[in-house]
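This report concerns only the one structure given below.
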Amino acid sequence: ISVIIPSFNQAQYLDQALCSLTSQAYDNLELIVIDGGSTDGSVETIKRYAPQISYWVSEPDRGQTHAINKGLEHCTGEVWSYLNSDDLLTPGSLAIVAQHFHADPTLQWLGGVSETFDEHGTLGHVAPQSAAQKIDYLTPWHRDHPYVVPCSNVSFMHRSILDQVGNFDESYDYSMDIEYYTRVVFQTGTEPTLIPDILGRWRWHQQSKTFQKGLAYGFREDEVKIAKHYASYLPPQEQVRLQQQIREQERWLVSRRAMALKQGGKTQAALTELIKGVQQYPDLLLFRPWYGAIRRCLV
């Protein structure tokens, strides 16, 4: 099993991430660390684990997605995954993964449950459920269950998947994992085999991309982009339904981007965003959330 850790200035979390892997008591691990040229002591942490790391480098890169792809270039494992440097694997998780792949030679993609946690303790769980229909992979804003693919820290794929669909798309800054998993579903027909085991822990903290712009609008922008890209894989009637939903989400994004600017103290920029939105989507004048955003900017 190859596990890639992309990291940049995450020294306060990196030691725990590395420890969660090197303490797995799983002998057949290929650990790859791709650091983006950190200046916060991360390299010193990596060097302490160097005897247990198959390959590592610390040099400037183009961001998280590029770092993952750099790691994939050195990946030789039969099964692979990546672990963000602020997340963790749970004890014994790699042994569970190995058992499933050994038990089923046809297994291509295994996904488990991830705990969410912060400095105060466990917050909850991300437990994906199988998609009822293919359109569910493209409509996170409109489906029966919020998660139909596993979190990246508990998603393990066979090498053959990488050979078929290639590397991660660097044009995605937030949902590069979701785009990759969607690509796998639609281009190979492979869907995740989901197990109830807690394999990892997803850390929530204010410095993460999730909290900086992701929850405000970053993830939704990527999700809309993914839906547009893979819409053609759906039957014609479902494509029409999806396009209507995309249009609705694009209108919502105008207000969400504006409110993020307003909360950041950039009221004039928020108003500009709202006005530009009307030029692109004239029907925003009939959209109540847009009026609400205008009112909050003017009060």
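The values are calculated or read from the model by the stated rules, or taken from the named source; none is laboratory data. Keep in mind that what you see is a predicted model, and the values were worked out from it rather than measured. We place every Cβ from the backbone using ideal geometry, glycine too, and count neighbours over all the protein chains shown. Accessible surface areas use protein heavy atoms only, side chains included; no ligands, DNA or RNA. Shrake-Rupley method; radii C 1.70, N 1.55, O 1.52, S 1.80 Å.
With a cut-off of 8 Å between alpha carbons and a minimum separation of six or more residues, what is the relative contact order of the chain in percent?
16 percent
Check which residues have an amide H placed less than 5 Å from I5's amide H, if you skip close sequence neighbours.
I32, V33, I34, L83
Rounded to the nearest angstrom and ordered from largest down, what semi-axes does the equivalent ellipsoid of region 25-109 get from its C-alpha gyration tensor (root of 5λ)?
Taking √(5λ) for each eigenvalue gives 26, 15, 11 Å, largest first.
Set Lys and Arg Cβ to +1 and Asp and Glu Cβ to -1, take the dipole of the chain about its Cα centre, and tell me which of I96, S130, H145 lies farthest positive.
Of the listed residues, the answer is H145.
Using a 1.4 Å probe on the protein heavy atoms, what percent of the accessible area of the chain belongs to carbon and sulfur?
C and S fraction of accessible area: 50 percent.
Could you give the nm distance between label points at T116 and W204, where each point is 7 Å from its Cα heading toward the beta carbon?
Computed distance between label sites T116 and W204 equals 0.4 nm.
I need the calculated FRET efficiency for the pair Y291 and Q245, taking r as the beta carbon distance and R₀ as 22 Å, to the nearest 0.05.
Computed FRET efficiency for Y291 and Q245 comes out at 0.55.
Tell me which lysines have Cα within less than 19 Å of K225's Cα, excluding those fewer than 8 residues away on the same chain?
Candidates past the 8-residue exclusion: K134, K209, K213.
Placing unit charges on C-beta atoms (Lys and Arg positive, Asp and Glu negative, everything else neutral), compute the dipole magnitude of region 211-299 about its Cα centre in debye, rounded to 20.
Here region 211-299 has a charge dipole of around 360 debye.
Which loop GluC sites (Glu not before Pro) in region 77-155, with loop taken from DSSP, have no more than 12 other Cβ atoms within 10 angstrom of their Cβ?
Within region 77-155, the qualifying GluC sites (Glu not before Pro) (loop, at most 12 other Cβ atoms within 10 Å) are E119.
So for region 1-134: antiparallel DSSP bridges make up what percent, rounded to the nearest 5?
Approximately 30 percent, going by the DSSP bridge assignments.
In whole angstrom, note down how far apart the Cα centers of region 68-132 and region 1-60 are.
16 Å
What accessible area per residue, rounded to a whole number of Å², is obtained for the chain using a probe radius of 1.4 Å?
Dividing the accessible area of the chain by its residue count gives 48 Å².
Using only the Cα atoms of region 175-299, build the gyration tensor, take square roots of its eigenvalues as a ≥ b ≥ c, and label the shape rounded, prolate or oblate: rounded if a/c is under 1.5, else prolate if a/b is larger than b/c, else oblate.
oblate
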